[in-house]
Amino acid sequence: MGKKLIAVCLSVVLLFTAFLGCARNKSSLPELPLHDRVSEITLNPVDERADCDTLVFSCIDYRFAFANQEFINETLGLKNNYNHISVPGSIYNLVNPKTQELIIGKVTNLVNFHLIKHVVIIAHKDCGAYGGSSAFGSKFAEQEYLSADLRKARDILIEKYPILKVDLYLEELTPSGVVFEKV
Amino acid sequence: MAALRMDRSWRMKQIFSKNLLIKIALLFVVTGFSIASNILASDEMDEQAKSETRRSSKINYSSFFKEKPKWCSTMVINCSDFRFSEATQELINNTLGLKGDYDYFAVPGSIRNMLDKSTRKLVLDTFGISVRLHNVKRVVIIAHQDCVGYGGSKVFNSEINEYETMTKDLKKARSLMKFRFRHLQVYLFYGTVKNNGNNRVYRFEQVL
């Protein structure tokens, strides 16, 4: 009886430790610096507009995310005046027939609701959706392939909506910053 | 003799215990000091690092080649709406302090397509690209008022009704994410706007 009791106690303790181990937060990530549940941000929009006519297509990549925001806000001067769709491998989704339908559905939705006339497409080199830079072989081949895909995406969009004006950009990461190049 | 022995042993014990007490006290003091200095030092370091990162508006791009060539900590899923673009950028870059360390997803109706059964697999696969390639450990999902993906505010009866359905959907999205990618920490935000004179006040509430 005593041995059985010990076994039962041990198993119960083991179960509890298992539960505790599962519940413990093992990740080494620091918590987000949130002091309050509610964080308020006040902005003073100078040129306020009720509608917007630009759509930006870009990739999700973390190396380019902030550079994209700066480029759009300051260089193109589209602050607070653009809809942003960013999906992994920006144009790869438009060219790929598997996901084309969903993306075009999104674009129609936006065109109908927000009356879009101008589209900016930004692709970047060393994209994970294409398999990185190594998938192309050489730098020149990568440039050619990406610009061909960009043009194909433009053709697809213009075929669907002839009024759209489409700008194409290709960006590259260098140790000093991100370089944008118009195609 | 016996009394003497007792006396000696008692004295020995006394001395021994005194020594022990002193030793233990010394140990406590030393460990306390070391811990306190450690904590203070790390705090200072953290503050310095934070202030530096907040002060510098530019990202050190060469670090992407050396320190972390293929990973980032966070994935942000946001709606594509233009009214919230600047405010969400402010929230992510400055309030949460994640500058240059996040994958930025922007999809119309942020999580609407994930909740739809027909497109759920496709959308989760695209999120999986980020998890697979960049080893993401944390997700920040931001939804907002008057979302076009849902058909605007007019679909809902009242503001409270809208808030309730949106928070319910956000929680559903969190459970879906947790089910597919076990290790992720999920943070949910719901944004609203109010006009206050010339300023616009964006209010982001964390949904627990």
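The values are calculated or read from the model by the stated rules, or taken from the named source; none is laboratory data. On a predicted model such as this, the values are computed, not experimentally measured, just so you know. Glycine also receives a Cβ, built like all others from the backbone with ideal geometry; neighbour counts cover every protein chain displayed.
Just to be sure before I move on: is B:I39 in contact with a Gly (Cβ under 6 Å, 6 or more places away or on another chain) and either under 30 Å from A:G105 (Cβ atoms) or modelled with pLDDT under 85 (or both) in the structure I sent?
Details: in contact with a Gly (Cβ under 6 Å, 6 or more places away or on another chain): no; either under 30 Å from A:G105 (Cβ atoms) or modelled with pLDDT under 85 (or both): yes.
The answer is no for B:I39.
Among the candidates A:V87, A:V95, which residue alone is more than 30 Å from B:N198 (Cβ to Cβ), facing chain B (nearest Cβ under 8 Å) and at pLDDT 80 or above? Reasoning before the result, please.
Details: A:V95 fails: facing chain B (nearest Cβ under 8 Å).
So the residue among A:V87, A:V95 that is more than 30 Å from B:N198 (Cβ to Cβ), facing chain B (nearest Cβ under 8 Å) and at pLDDT 80 or above is A:V87.
Being surrounded by 15 or more Cβ atoms within 10 Å (Cβ to Cβ) and farther than 22 Å from B:S80 by Cβ is the filter here; which residues of the stretch B:167-200 pass it? Across the stretch B:167-200, the qualifying residues are B:R180, B:F181, B:L184, B:Q185. Tally the residues that are modelled with pLDDT under 85 and either in a strand (DSSP E or B) or within 18 Å of the chain's Cα centre (by Cα) (or both), restricting the search to the stretch A:130-152. The total comes to 3.
The condition (being touching a Gly at 6+ places or on another chain (Cβ under 6 Å), touching a residue at least 60 places away in the same chain (Cβ under 8 Å) and outside any helix (DSSP H, G or I)) is satisfied by just one residue among A:C52, A:C127: A:C127. Of all residues in the stretch A:20-56, exactly one satisfies the criterion of being more than 14 Å from every other protein chain (Cβ to nearest Cβ) and modelled with pLDDT of 80 or more, namely A:L20. Residues in the stretch B:147-162 that are in a loop (DSSP other than H, G, I, E, B) and more than 11 Å from every other protein chain (Cβ to nearest Cβ): B:F156, B:N157, B:S158. Does at least one position in the stretch B:140-154 carry a residue that is surrounded by 15 or more Cβ atoms within 10 Å (Cβ to Cβ), of a type in the set (A, V, I, L, M, F, W, C), in contact with a Phe, Trp or Tyr (Cβ under 9 Å, 6 or more places away or on another chain) and over 20 Å from A:N83 (Cα atoms)? No: the stretch B:140-154 contains no residue that is surrounded by 15 or more Cβ atoms within 10 Å (Cβ to Cβ), of a type in the set (A, V, I, L, M, F, W, C), in contact with a Phe, Trp or Tyr (Cβ under 9 Å, 6 or more places away or on another chain) and over 20 Å from A:N83 (Cα atoms). Can you find a residue that is within 23 Å of the chain's Cα centre (by Cα), more than 9 Å from every other protein chain (Cβ to nearest Cβ) and part of a loop (DSSP other than H, G, I, E, B) anywhere in the stretch B:169-181? Among the residues of the stretch B:169-181, at least one is within 23 Å of the chain's Cα centre (by Cα), more than 9 Å from every other protein chain (Cβ to nearest Cβ) and part of a loop (DSSP other than H, G, I, E, B), which makes the answer yes. Among the helices (runs of 4 or more DSSP H) confined to the stretch B:77-144, the ones with at least 2 residues that are facing chain A (nearest Cβ under 7 Å) are located at B:85-90, B:120-134. Of all the criteria given as (1) surrounded by 19 or more Cβ atoms within 10 Å (Cβ to Cβ); (2) at the interface with chain B (Cβ under 8 Å from one of its Cβ atoms), the one not satisfied by A:K79 is (1).
A search for C-beta distances below 7 Å between a residue of the stretch B:165-180 that is outside the structural domain of B:R112 (by TED's automatic domain parsing) and any residue that is hydrophobic (A, V, I, L, M, F, W, C) and assigned to a helix (DSSP H, G or I), counting only pairs 6+ apart in sequence or on different chains, returns nothing. There is no residue in the stretch A:157-169 that is touching a Phe, Trp or Tyr at 6+ places or on another chain (Cβ under 9 Å), of a type in the set (D, E, K, R) and either away from every other protein chain (no Cβ under 14 Å) or buried (at least 19 other Cβ atoms within 10 Å of the Cβ) (or both). Looking only at the stretch A:118-125, decide whether some residue is buried (at least 21 other Cβ atoms within 10 Å of the Cβ) and within 11 Å of chain B (Cβ to nearest Cβ). No, that holds for no residue. hydroxyl-bearing (S, T, Y), outside any loop (DSSP other than H, G, I, E, B), within 11 Å of chain A (Cβ to nearest Cβ) and out of contact with any Pro (no Cβ under 9 Å at 6 or more places or on another chain): does that describe B:T192? Yes.
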